[in-house]
1. In whole Å, largest first, what are the principal axis extents of the Cα atoms in the chain?
2. Given PRO56, SER248, PRO273, which one lies farthest toward the positive end of the charge dipole of the chain, if we put +1 on the Cβ of every Lys and Arg and -1 on the Cβ of every Asp and Glu?
3. Quick check on my link table: of LYS63/LYS265; LYS269/LYS314; LYS250/LYS346; LYS112/LYS205, which ones sit more than 32 Å apart, alpha carbon to alpha carbon?
4. Where the centre of each part is set by its Cα atoms, how far does region 264-312 sit from region 137-191, in angstrom?
5. If each of ASN4 and ASP212 carries a label point 7 Å out from its Cα toward its Cβ, how far apart are those two points in nm?
6. Work through the residues other than GLU310 whose Cβ is under 14 Å from its Cβ and net out their charges, Lys, Arg +1 and Asp, Glu -1.
7. What distance in nm separates the simple spin-label points at ALA396 and ALA322, each placed 7 Å from Cα in the Cβ direction?
8. What percent does the relative contact order of region 1-61 come to when contacts are Cα pairs within less than 8 Å and at least six residues apart?
Amino acid sequence: MTVNRALFDEVMVPNYNPSEVIPVRGKGARVWDQEGREFIDFAGGIAVNCLGHCHPALVAALKEQGEKIWHLSNIWTNEPALRLAKKMTDATFAEQVYFANSGAEANEAALKLARRWALENFGAQKSKIIAFNKGFHGRTFFTVTVGGQAAYSDGFGPKPGDIVHCDYNDLETFKSLIDDNTCAVMMEPLQGEGGIIAPEADFVKGVRELCDKHNALLIFDEVQTGVGRTGELYAYQGLGVTPDIMSSAKALGGGFPIGAMLTTKEIAKHLKPGTHGSTYGGNPLACAVAEAAFDTINDRAVLDGVKEKEALFKQLLNDINAKYDVFSEVRGQGLLIGAVVNDKFKGRAREFLVASMEQGLMSLVAGADVVRFTPSLVISEEDIREGMARFEKAVASLV
Ligand SMILES: *Cc1c(COP(=O)(O)O)cnc(C)c1O
């Protein structure tokens, strides 16, 4: 059997259009393809591989748990899930955790919980959900409708109702939308897919105050920002604003699929037995790997390291820009970094990704105008410098 990119078009549903390159092996921040070509990985599986590829702590946890027990279903609980939940609640505002298998599932649980909480506390009229344009919360029908790009939710029939959108950082409009019938506000504490857009401090504080005033739950989607990505364990900890519900996924499993929805006991109690669930959610194998990832990242030295690497990344990107003048701004927090292409390259961020692959570098985009970098949180300075040297060659090939 010839296993190549052409086979994808034959046997895979065409909802993706992957690169011609098929990676077969990874170690740390480096990846090798079928031909043995080496790449530096600044994509990190879209902010997932927080410890790079095949980190020894994760491999050890996977092997150890893989020889004990993989799956039980939620008829039985298990030690890795209980330990991980204890560690996550000790490290955050949250008191209780629901485990899922992805970011979308964690957000779906958060939204269903918010609706149930509002129904039981205030009545059926309190169902409005406010979210933000350019926001991204996953691809289930509820989460994609809450997401701020109608193009992703159009064309699938009637949508879940009573969801409205507002521009991010527009507190005035937000104020005009929120009322006593608002059950929840869902936002990313730094918009990832939408283009690496940070919230203004007054905006987040204002949103929190208005949620309190109208008895609405504030849900932070920390699927992309969580588990060290911004240089804090969770981004809310750097904002001085605490949500009522938070979701986590991507980096949580370091590459093994897992999601989590975290909240307080007072809110969590509305998801009584039978109200929600998942066959795989919280399975021992996923939780054991996530526990190892969480233990490794939840360390001040590692988190401070992310901030140091951020400074180096931004400095090298600004150096490249000083030579070639291709970006209007380099922004982001921690190792969630966006380089916004300037007018000469408007709508063409993807060309940087393609040119980078030719130079042996994996990168990402966030929309049509932002080149995005979400590498391993423990990437070495040497790998950052080598990756940026390759990126410079890619930029040089485009100008
Ligand atoms: C990636 C992402 C999701 C969706 O996560 P999946 O695991 O793909 O379902 C949700 N919210 C944010 C902010 C994300 O970045």
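1. Cα extents, longest axis first: 60, 53, 47 Å.
2. After comparing all options, I get PRO273.
3. Numbers: LYS63/LYS265 34 Å; LYS269/LYS314 44 Å; LYS250/LYS346 29 Å; LYS112/LYS205 25 Å.
Beyond 32 Å: LYS63/LYS265; LYS269/LYS314.
4. If we compute the Cα centre of each part, the gap is 24 Å.
5. For the pair ASN4/ASP212, the computed spacing is 6.2 nm.
6. On the way: positive: ARG229, LYS307, LYS309, LYS314, ARG331, ARG372; negative: GLU232, ASP304, GLU308, GLU381.
In short, +2.
7. Roughly 1.7 nm, to one decimal.
8. Values: 53 pairs, mean separation 14.5, N = 61.
About 24 percent, as a whole number.
The values are calculated or read from the model by the stated rules, or taken from the named source; none is laboratory data. Just so you know, these numbers come straight off a predicted model, no measurement behind them. Virtual Cβ from ideal backbone geometry, glycine too; neighbours counted across all protein chains shown. What goes into the accessible areas is simple: the full protein's heavy atoms, side chains included, and nothing from ligands, DNA or RNA. Shrake-Rupley method; radii C 1.70, N 1.55, O 1.52, S 1.80 Å.
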